[in-house]
Structures are given as C-alpha cells and as structure tokens.
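The values are calculated or read from the model by the stated rules, or taken from the named source; none is laboratory data. Being a predicted model, the structure only gives us computed values, none of them experimental. Cβ atoms come from the backbone with ideal geometry, glycine included; neighbour counts cover every protein chain shown. What goes into the accessible areas is simple: the full protein's heavy atoms, side chains included, and nothing from ligands, DNA or RNA. Shrake-Rupley method; radii C 1.70, N 1.55, O 1.52, S 1.80 Å.
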Amino acid sequence: MPRNCNRETSPKENEIFLKRMDLPNKERRSPENGPKPCCSSLKMFLVALSFAYFAKALSGSYMKSTITQLERRFDIPSYLIGVIDGSFEMGNLLVIAFVSYFGAKLHRPKIIAIGCLLMSLGTFLIALPHFIIGRYKFETSIRSTVNSTSILSPCPVRSASILSTGPSTSSVPSAEVFSPSLPPFSGCEHESRLSMWIYVFLGNILRGIGETPVQPLGISYIDDHALEENAAFYIGCVQTISVIGPVCGYLLGSLCAKIYVDIGFVNMDSISITPGDARWVGAWWLGYLIAGFITLLSAVPFWFLPKSLPLPERRLAKYSPERTSFIKDSPLLEHKYQADEPANFLEMAKDFLPTLRSLLGNPVYFLYLCITIIQFNSLIGMVTYKPKYIEQHYGQSASKANFLMGVINIPAVALGMFSGGVIMKKFKLSIMGAAKFALGTSLLGYFLSLFFFAMGCENANVAGITRSYNGTESLYKVDSSLLATCNAGCQCPEANWDPVCGENGLTYVSPCLAGCRTSHGSGKDTVFEECSCVAGGNQTASVGQCNNRESCHRVFPYFLALSVITSFIISLGGTPGYMLLIRCIRPQLKSLALGFHTLTTRTLAGIPAPIYFGAIIDTTCLKWGHKKCGGRGACRIYNTTAYRIAYLGLTLGLRTASFFLCALGLVVLRRHVQRQEHNTLANGGTGAAAGELQALRKEENNSCNLDQCPRTTDYDPERETRL
C-alpha cells in the first residue's frame, strides 16, 4: 500500500481519476450533504404539497356538495348555509397576515404540517354532530309493522276540542306513527339546547385556519429551492394535481348522498322516502370522516422535510464568482435565498401604508381589483348553489347533481384554464391582448348564459300551493291554509310535509290533506285509498311526489350541455386575466399586490356571496318545514320560476355590472401604455429607451413577443413593467 501511494501517476490515470471525481459533483446539488439531497428532498416536498393541495380541494368541494344535506339535517334556511360556507374564508382571514409574514421565517414544512392537522381536526369536528344529535326523524304518517300491512287511518276525524294547527310531531318510521292528537312540541325536553350547526360552523373555521399556510408557504418553498427554469413547471404540476381534488370531492358527495344518513342503525325497508325526496338526508358525515383522514395523512411527509435546502449550484453557475458572492449577500435577494433571516419589523410597518397607497394608486390594478371582486361574487354564489339549483329546478337527486358537477363541470373549468394558458403562449399575447382576450371570453360566456333563462321548468303541481284542489287554477300560496272542502272533515296538521301522489297526477302535501281514509301496504309500497280530494278513478294515492314534469326532463340535457360550454369559455380567460394582474404592477409590489388581491376577494366575495345568495333563494320558498320544537326549518318546495329568475338574475346581474368596469379598465390600460411611450420619448430615444419604445409599440399592435420584450429594456424600479 505505501508504495502505491508514493507512486507517480500518468497523465491518463489523472484524467480518469478526475472524471470519476467530477461525476458525483455534477449529479449532486450540494457536496456537503451527500448525493442528490436537494433533488430528493425537493421531489418529496412536491409530492407532499400536491397531496396536501388534493386533500384541501377534496374537503372544500365536498362541503359544497353537502349544503342541501346539512340544510335538511339541521332544519336551517339557505342563508345560514351561506354563513357556514363563508366561515372557511373567515378562518382564513384570521391568520393569513400572521402566516404570510412569520411563516416564511420559521420551519415552513412543519408549519404546513400543522396546518394540515388543523384542517383534519376541523373536518372531523364538522362530522361530530351526527354522533351526538341522535337519529334523523322526518315527517311521515306511515308506519311499517311486522305482522300486519294495515296502518292507522291517515284522516282522523276532526274534533272541535282539538285543534292542530301547529307543527306536528315527526316520527321515526320504524318505531313511531304520526298522531295529530299529540302535543305540538312533544319530546322537546330531549332536544339539545345548542344548535348542532354551530359545530359545522366552527369546524369550517378551523379548516380555513389550517388551509392558510399551504399555498403561500408551499409555493415560496418551491420557488426558493428549485431551478429557475423548473420552478414554474413544478408549480404548474401542483396546481394541475389539485384539480383532481374537486372532482373526487363531488363524486364522494354523490356517493354519500345515496346512502341514508342513519345507515346501519335503522331498518332500510321501513324508510318510506327516496333520495329524490325533499326530506331525504344522505350520509353527509361519512364523507367528512374520509376527507379528514386523507387530510391527516397529507400532514405526515412534511414533518420529515428540512427547514431549507441547499442552493442549487446551477442557479449560480451562470454568474462569475464575484457575482455569485454578490447574489448571496445582496439584500435585494435576501428573501429569495435567506428567507429564514428575520427582517426589521418596524421599518416594514412604516413602509406598509405608503406602499399600499402606491399600489392602490395604480388605476389599472385598482380597477382589476374591483372587477374581480364583483365577478368572484357572481362565481362563488353560482357555484355554491348550483347543485341545489339542479335539484330543485330540474327535480334531480342530490347524488346525481353532485355527480354531474364532479364529472362534467369541474373538468370543463380545468380544461378551460389550461387552454387559456396555452393560447396565451402560442399567440404570444401582449398585456393588451390578454386583457381583450379575457374580456372577449367573459362576454361570450355571458351571452350564452342568457339562454339559461329559456331552459326553465314548470312548477310542480301541488294541491293548495301551486294548484287548486281541483287542479285547474294556478296558485302561489306561501304557508297559507291548505284546508279545502274535500278534507274539511279531517284533523290535518298543515305544517307537515309528507307528500303523496294522487291518481289524478296532483301532489298533495300529506295523505290527510288528500282526504285519504284507509291504506294498505308498508314503507314505500304504501297505497292510500278512499281519498276524497283525488277526483276520478279509484281515488287512490301513492307515497312521494308525482313525477310528471316531462318537459323538465327533456330540457335538462340541454342545460347540462350549455353549462359545460359556458364554463369552458369563461375559464379560458382565467389565466390571461391573472397574468394581467401580475404585469400591471412594479416588480417590488408584486407580492403585496397578490396578497392584497387574495385578501380582498375572500373578504368581499368569499364571505358575503353565499349568504346573500342564500337569503334571496329563501324568498322563493313556498312551503317551509318546521322544527320539532317549533320554528321554521328547511324549505320543502320552491317557486321554480321565481327561483330561476333570482338565481340566474343575481349571477348575471353582477357580471353585467363588472363589464362596465372592464370597458373603463381597457381605456385606462391603453392610456397607461401611451403615457409610458410618451415618457420614453421624453427621456431620449436612444439605447435602451429606444428599445423600450419599440417594444411598447409592438405591444400596442399585439405583436410583441413577451419573452423578448423585457430584454430590450433596462430595469427601472420606478417604472411599472410593460405599462
């Protein structure tokens, strides 16, 4: 061995030795951390972040899919569902400033892990009421018996000493039978004094708090440690994978909506309602348990990731050693490569208000902000209540509505956003081109959406509500008396919603109000006989509403097709519109602009839109359910025409208002371009200024290559990019 160490090597051996030593150095990013530490850790972070994006999108879309289930289960109106839905944004806003500022200076992967744990805990909390509220009890007059197929008369004889005009006692089909002689609020002493929807509200707030660090800290971690040419690709991959989340969320909602809420605890043969019934509640809690478990799993990988990764060598390979040293030490890039080092908080606080004033003083940014707030109000309100609209207007079950949202609408939106980015790159759209393209697609989608007004359905024929008892006159009575001559001899609780379909094709609110005297069969097969209000035939009625809206079923496929087309077209302008936001501000204000945009849209659109959309939808209700212990519950039937006008009118009305601001924004944007051209000429038309002027002229003519325009100018921090 000693003689080999002292032996002189030939030039060829030296060359072989150097090649062997150089190979590992090329493959690894940091020589002191072993082979490929950055690459492996970054890839692990990408996988973990993609899974976290999927999990949060899954639980968020599942929440949207359960709004009608929650509404019926907790007997609450739509505006309270809007409050619950907006509570996610409330939780987000509680901690977004804290997380955005301090999160980047702490252990970002572990902060994301804590956020995922909080999201998981919030999702489990949403499901908690199912396990403490007791079994679901719906209004019914049907009793299933084991030894007999007969039930008590649905039409008890009216007595002068007993008036039953208040809410009746609901019953569990397998155990109790409706009896109008019971006190109106019987059994209320067993009811919880705390509204169970409060748990759902608090759980959704906790979900919002937990979701806050995932996006800003995750994206900044990738941007800090990935190669510049790969960062955009990595972020795009994460965003693409997250699209799968809403699809799976709505499909999970569709599956759970088919399953009865108390599955495993009741005899399903005794359940007299179907998934299409207004009283049906699916196993909404089951999906939250699944989503909570998936979110819990997404937190695990982040605990094993380092606080920071070594700086990729190839990011510094372009520069000389002197410039490399300068980049590492430069205060301008300190946040990029040394995000962990704390900044002077007092100085940042003093600069915040002047910087924000400067940002809002940019007329293009301010108008863009106003436009997106209005359009986000329209979008969020529309998406939140679209499954409910499909259910109520077209008579579809909650399961089918969620399935269609997940399989048809969400992929169309994702494809539209991706195609918009491809079009922008292929045709090299300038800032003016992007603005015109976004406005054009939005206008085209708007005009196509007007056809939704023509795709209406007639109201369901319900005796005493939308039709007279003889079926000839149209009525629109809201919670008024349902008594008529044909059922005057029956002691009927008018508050109950227990519909039956008469042989004449008319739906009656209950067998009692249909004047039925006897019945045979059990469960869903029950047939009511001797119904005095059912004119003609054998005077019989069956369980459930009549399904005789043929024209509605014929128009539904056209509604779906138009919905997919409009969703795709409107989404085409999403990516160009977002790029307009990035380009219309100075580089040093970009982070603040994006953060303030997110903050304002969530505050002024994410929170209020579901609430006032729900409140307006509530005004179209024709028959309210009643809680067991008194008070108004969930709506049972809507005025279909009024519902369509309110829902579509509010959605398109907001978008109409935004177009006036869009036209003003284009004018302001064009003037900015012209003013920048004038300033360039005033500063002299030589050198870089001439190049910038040429670039602006090309951009005005929509022929500028966006990848080449910036190279013709020197960076001027006082000048807004490309404007």
Exercise. Pairs to check: 137/623; 386/426; 386/428; 56/105. Give those whose C-alpha atoms are more than 26 Å from each other in this structure.
Key: 386/426; 386/428
Quiz item: Hey, with R₀ at 41 Å, roughly what FRET efficiency would residue 297 and residue 481 work out to, going by the Cβ-Cβ distance, to 0.05?
Solution: 0.15
Quiz item: Between the stretch 490-510 and the stretch 402-430, what's the alpha-carbon centroid distance in Å?
Solution: 47 Å
Exercise. Using a 1.4 Å probe and ignoring any ligands, DNA or RNA, find the accessible area of residue 529 and quote it in Å² to the nearest 10.
Key: 60 Å²
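What FRET efficiency would be calculated for the residue pair residue 131, residue 304, taking the C-beta separation as r and a Förster radius of 41 Å, to the nearest 0.05? Kindly include the intermediate steps, with their values, before the conclusion.
Numbers: r = 33 Å, r/R0 = 0.81.
With a Förster radius of 41 Å, E is 0.80.
Leaving out ligands, DNA and RNA, what percent of the accessible area of the stretch 592-687 is carbon and sulfur, probe 1.4 Å?
Working: 2490 of 3840 Å².
Result for the stretch 592-687: 65 percent of the exposed heavy-atom area is carbon or sulfur.
Quick one: Kirkwood hydrodynamic radius for the stretch 343-490, alpha-carbon pairs, angstrom, one decimal? Please report the intermediate quantities before stating the final value.
Values: mean 1/r = 0.0473 Å⁻¹.
That comes to 21.1 Å for the stretch 343-490.
In nm, what is the difference between 0.36 nm times the number of residues separating residue 629 and residue 535 and their Cα-Cα distance? Numbers along the way, then the final one.
Numbers: separation 94, 0.36 × 94 = 33.84 nm, distance 3.56 nm.
Full-extension gain reported as 30.3 nm.
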Quiz prompt | Solvent exposure of the stretch 599-660 as accessible area per residue, Å², 1.4 Å probe | solution = 32 Å²
Practice problem: With the convex hull built on the Cα atoms of the stretch 405-530, state its orientation-averaged projected area in nm². | Solution: 12.8 nm²
Practice problem: Work out the FRET efficiency for residue 458 and residue 558 from their Cβ-Cβ distance, taking R0 = 22 Å, and round it to the nearest 0.05. | Solution: 0.90
Practice problem: Return the distance in nm (one decimal) between the two label points of a simple spin-label model at residue 656 and residue 219, each offset 7 Å from Cα along Cα→Cβ. | Solution: 3.4 nm
